[in-house]
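*Asks:* Before I ask anything, here is the structure I am working with.
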Amino acid sequence: MDVKDTEAVHIDDVEGFDKILDPVVGSTRLINEFEVVLVPTPSNDPNDPLNLPVWQKYLILLIVGTYAATGNLMTSGMSAFLQTVEASYNYDPKVSDLVTWPAFFMGVGNLLSIPLSYAVGRRPIYLLSTILLAFGCLWCAKSKSLGSHIAGRDVMSIAAGTAEALYPVIVQEIFYLHERGKVVAAYSALQTLGTAALIIASPYIASNPSLGWRWWYGIFGCVSGLVTVLSFIFVKETKYDRPLEALNGEGILQPIIHYFLADMAPWSGTPQWSRAIACCKEMSEVFFFPNVLWLILLSDCYCGRCPNSVRLVQRFDDEMVEPKPEYRLLALIIPTVAILISTIIYGKTAQNPEDWTWAGIAVTLNFEYFGFVGIVVSSFVYCMDAYPQRVGAALVLICSCRGFIGFGISYGAISFVDKAGYEGGFNICAGIV
């Protein structure tokens, strides 16, 4: 194809895209005459995040995944050595706030990060959150009182929630439609495997006389600082104004302008606060979409993590000729059944331990984690495919509501079980699922 002035180029002039596709409705034909149609269609602009080198895309995935795993560890990992922390505070009952309130503030981080990222860009919000996580770790390590410790963990949890909400948006903006399923599965595997491994190591660090729980914060605060440096160098801005036609696989040409220093700047462009307001409006609308509301409630029925469940999503081919977003929902069947059965068995084992073996607790708990992460991964990919123009609003609702509902469940779980018993309480949970 001859080089032409981009201002005079029409869609008919772009090779391979002579057929106008239907408007964006959440499903797109990915195979056209035995060739993969790249959706969204990349432009010829080097600033387009879709044009990033493949190595940099996966490096971004690795860096953000490491950050998310560290954030999850810092918010939930303390449960593994809470007794050690309780002893250092003379068994003050308010120590439980160290592990209950972080879920709530992760939800706050979800709600704040996405609208702000639409206004000022993904990169500045992400970089700020990495700095905030490292600062929160230092705060907790140096805290002089329980109240200060709780406040530091709350700040840290806001930063951790930011990563959870931003990563699906970043994935959507640097990978093509046919790649997203396996990429989200790989990211979730990295996040959950990393978190699980670090949680196993955490009690050994906290119980070590020469280290203690304060150095637990110190070590992973250093990890967060390293992630901040790597993010500053390699995680470029992924916010990009892409025409509607690109989401349908139609060819796009744009002027080629690229500045290397612009990639290194913490932020770029002028803040567009109207987009933050529009995002909040979309969130209020998407919340009442029956399918999104159903996914929110389904993923919130059980809050946890498990690395094995991400394999389930990979059973469904990302390169089907004409995929529908609804195909992603097929991956919900096995995780939902796993949670349902495991919840019932767990309640019966806890109520009557003399009639059941230890596997009734250990195995079922792992299956519940398996089911939860399978539901979350499938929900993310479904929303990315079904609502490409409202993906931020849909995903932030799933993440933030999980934090708020998880906080409410954990805060009232003990009194609920005391009244209903283990079997009755978990049977009710199974009924809700």
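Laboratory data are not the source of any read-out in this text; all were calculated from the coordinates shown. Source: prediction; values computed, not measured. Glycine gets a Cβ as well: all are built from the backbone with ideal geometry, and neighbour counts include every protein chain shown.
*Asks:* Going by how many other Cβ atoms sit within 10 Å of their own, how do K348, K281 line up, fewest first?
*Replies:* K281, K348
*Asks:* Any chance you could run the full-extension gain for S274 through K94? It's 0.36 nm times the residue separation minus the Cα-Cα distance, nm to one decimal.
*Replies:* 60.7 nm
*Asks:* Note the full-extension length gain between I361 and Y411 as 0.36 nm times their separation in residues minus their Cα-Cα distance, in nm to one decimal.
*Replies:* Taking I361 through Y411 to full extension adds about 15.9 nm, to one decimal.
*Asks:* Per residue of the range 377-386, in order, report the coupling 6.51 cos²θ - 1.76 cosθ + 1.60 (Karplus, θ = phi - 60°) as ³J(HN,Hα) in whole Hz, putting x for Gly and Pro.
*Replies:* 4, 5, 5, 4, 5, 4, 5, 5, 7, 7
*Asks:* Starting with the highest mean, order 174-187, 82-95 by the number of other Cβ atoms within 10 Å, averaged over the residues of each peptide.
*Replies:* 174-187, 82-95
*Asks:* Let me ask another. What spacing in nm lies between the two simple spin-label points modelled at K144 and L59, each 7 Å away from Cα in the Cβ direction?
*Replies:* With each label placed 7 Å out from Cα toward Cβ, I get 4.3 nm.
*Asks:* Arranged by the count of other C-beta atoms within 10 angstrom, fewest first, what order do F407, F370 take?
*Replies:* F407, F370
*Asks:* Taking the Cβ of each residue in L133, L138, L198 as the centre, tally the other Cβ atoms inside 10 Å and list the residues starting with the fewest.
*Replies:* Fewest-to-most ranking of L133, L138, L198: L138, L198, L133.
*Asks:* Just to verify a number: FRET efficiency for N208 and Q83, C-beta to C-beta distance, R0 = 22 Å, to 0.05?
*Replies:* Calculated transfer efficiency: 0.90.
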